[in-house]
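Have a look at the structure below, then the notes.
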Amino acid sequence: MRIAHIVRRYSRAEWGGTETVVWHTVEEQLARGHEPRIFATCALQPEVPQQEQSDAQLSTYPYFYPYWPMPAADRLALDKKGGSPYAPALFRAVRDFHPDLIHIHAGGRLAAAAVRLAERIGVPTVMSLHGGAAVVPQRELEEMLRPLKGKFPYGGILDRLSGLHFDPLRRVDAIVCISRAEERRLNEIYPGRKIRYVPNGVAAAPAVEPLDASAAPTILCVSRIDYQKNQLALVEALAKLPPPTRLVLVGPVTASWYCDRILTRVRELGLQDRFSLVRGLPPGSRELESAFAQASVFALPSVHEPFGIVALEAMQRGLPLVSSNVGGLPDFVVDGENGLLFDPADVDALARALGRVLNDASLALRLRAAGRVTAERFAWPRVIDDLDGVYAEVMAVGKVA
């Protein structure tokens with residue numbers, strides 16, 4: 001089967017959950033004899049002005065945001081999070097690829113253009129909601145759209161002229177969601193649609209050096225430095241824990257103002273010697289694996305987390321997990337069994353949970369063992385088996401009316 005994967009951006013420098021899912025999906029599909037290809041804009045790839053072909057079956061194309069004016073800083077903010085661009089060359093390339101199925105990993109105009117193209121060439125569409133589109137908090141939506149304030153939105157005119165002024169979720173053949181909460185919400189919004197829960201997966205972890213028992217207790221969070229991820233709560237929690245406990249944040253900065261707030265708060269609380277920030281490490285790199293290996297506990301304090309692949313990655317690497325009780329996390333994190341859950345608005349609860357793990361060796365050992373068992377259930381081959389089932393459904397019935 002020839003499968004076209006449509007992605008808003010595919011950045012090696014600022015790798016995230018969507019890239020992780022698409023990468024492993026394509027790897028597994030190649031192993032099963034399919035012909036997948038990733039079609040993405042060249043957002044966050046300034047060194048690739050037109051098109052790139054790579055061993056990962058990736059092609060990237062130029063794009064633009066239909067707002068005026070569009071200074072470089074605002075364009076970059078949209079590239080990092082929340083942009084809805086036009087990319088005509090991308091869809092010409094998809095058409096020339098002659099896919100049997102189009103798998104959409106983006107929203108907005110890219111999703112609408114993919115649906116419209118699929119209808120024209122007579123192939124089915126599957127749309128994955130990696131960002132939890134149906135359950136994104138209103139405050140987060142407003143922050144994502146902040147770069148568009150004060151600009152002339154000529155995109156509405158182009159949408160109508162191009163036939164893209166519609167909700168793509170009402171016209172795709174199947175919707176894939178990654179949390180049970182979103183599955184329930186989507187069934188309320190789109191009754192009668194083919195909505196399927198397919199969780200994300202986790203790849204086999206490389207061997208790393210064990211934790212140095214003499215090192216200071218270390219809290220690790222690997223995630224985009226972003227208001228959605230709520231790392232500021234970890235800084236506040238660190239101040240409530242005794243020295244020499246340390247906090248290490250690893251991740252690309254997608255909200256520079258939020259990163260500045262974190263650094264300012266670290267200085268205000270006098271935590272500079274107990275805090276480290278690493279602005280992103282390539283997936284699978286020795287440095288990233290070393291960060292996992294040297295951590296005592298992994299914390300994910302997100303206020304909104306559609307799934308939380310990195311939580312599974314931490315479990316697989318034998319780290320006890322402390323995570324917020326939001327989104328897709330409680331679908332696989334059972335409080336007190338394979339992790340500790342807390343309300344992301346309650347810093348005291350976060351500090352207590354971290355303190356429990358750091359001070360109770362038997363609890364930490366139990367969480368480590370149960371976490372590894374949990375991660376095994378989400379191996380990518382099992383996940384792609386579920387996705388293959390969705391593909392088979394839409395290929396069997398053809399296009400919906």
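The values are calculated or read from the model by the stated rules, or taken from the named source; none is laboratory data. This structure is a prediction, so every number in the text was calculated from the model and none was measured. Ideal geometry is used to build each Cβ from the backbone, glycine not excepted, and the neighbour counts take in all protein chains shown. Heads up: the accessible areas ignore ligands, DNA and RNA and are worked out on the full protein's heavy atoms, side chains in. Shrake-Rupley method; radii C 1.70, N 1.55, O 1.52, S 1.80 Å.
Worth pointing out:
Every residue, every condition in (1) under 30 Å from residue 26 (Cβ atoms); (2) of a type in the set (D, E, K, R); (3) in contact with a helix residue (DSSP H, G or I) (Cβ under 8 Å, 6 or more places away or on another chain), yes or no:
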{"residue": "312", "(1), (2), (3)": "yes, no, yes"}
{"residue": "335", "(1), (2), (3)": "no, yes, no"}
{"residue": "339", "(1), (2), (3)": "yes, no, yes"}
{"residue": "351", "(1), (2), (3)": "no, no, yes"}
{"residue": "370", "(1), (2), (3)": "no, no, no"}
{"residue": "392", "(1), (2), (3)": "yes, no, no"}
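- Contact map, segment 110-121: residues that are of a type in the set (Asp, Glu) paired with residues that are open to solvent by 70 Å² or more (accessible area, probe 1.4 Å), Cβ distance under 9 Å, separation 6+ or inter-chain. Pairs shown: 119/171.
- Annotation: of all residues in segment 235-260 being open to solvent by less than 60 Å² (accessible area, probe 1.4 Å) and among the hydroxyl-bearing types (Ser, Thr, Tyr), the one that is nearest to residue 16 (Cα to Cα) is 254.
- Failed item in (1) at negative phi; (2) surrounded by fewer than 20 Cβ atoms within 10 Å (Cβ to Cβ), with residue 90 passing the rest: (2)
- Search result, residues across segment 2-26 that are modelled with pLDDT under 95 and open to solvent by 60 Å² or more (accessible area, probe 1.4 Å): 12, 13, 23
- Residue list for segment 328-343, filter: closer than 22 Å to residue 183 by Cα and open to solvent by 30 Å² or more (accessible area, probe 1.4 Å): 330, 331, 334, 335, 341, 343
- Here the condition is being open to solvent by 10 Å² or more (accessible area, probe 1.4 Å), within 25 Å of residue 388 (Cβ to Cβ) and either at pLDDT below 95 or among the aliphatic types (A, V, I, L, M) (or both); of 121, 175, it holds for 121 alone.
- Segment 355-365: number of residues that are without any contact (Cβ under 8 Å) to a residue 60 or more places away in the chain and part of a helix (DSSP H, G or I): 6
- Test: residue 303 is touching a residue at least 40 places away in the same chain (Cβ under 8 Å) and open to solvent by 50 Å² or more (accessible area, probe 1.4 Å): yes
- Segment 100-116, residues that are of a type outside the set (Val, Ile, Thr), in contact with a strand residue (DSSP E or B) (Cβ under 7 Å, 6 or more places away or on another chain) and either open to solvent by 10 Å² or more (accessible area, probe 1.4 Å) or closer than 25 Å to residue 145 by Cα (or both): 100, 105, 106, 109, 110, 111, 114
- Residue check for residue 192: open to solvent by 60 Å² or more (accessible area, probe 1.4 Å) and closer than 26 Å to residue 306 by Cα: yes
- Filter result (among the charged types (D, E, K, R) and out of contact with any Ser or Thr (no Cβ under 6 Å at 6 or more places or on another chain)) within segment 153-190: 159, 160, 167, 170, 171, 180, 182, 183, 184, 185, 188
- For residue 254, the criteria (1) of a type outside the set (Gly, Ala, Ser); (2) modelled with pLDDT of 95 or more; (3) closer than 28 Å to residue 83 by Cα hold in every case but one, which is (2).
- Residues of segment 378-401 classified as modelled with pLDDT of 95 or more and in a loop (DSSP other than H, G, I, E, B), total: 1
- Summed over segment 43-83, residues that are open to solvent by less than 40 Å² (accessible area, probe 1.4 Å) and either part of a strand (DSSP E or B) or at pLDDT 95 or above (or both) total 7.
- Exclusive hit being open to solvent by 30 Å² or more (accessible area, probe 1.4 Å), without any contact (Cβ under 8 Å) to a residue 12 or more places away in the chain and basic (Lys, Arg), set 352, 382, 368, 372: 352
- Hits in segment 1-34 - residues which are more than 13 Å from the chain's Cα centre (by Cα) and part of a loop (DSSP other than H, G, I, E, B): 1, 12, 13, 32, 33, 34
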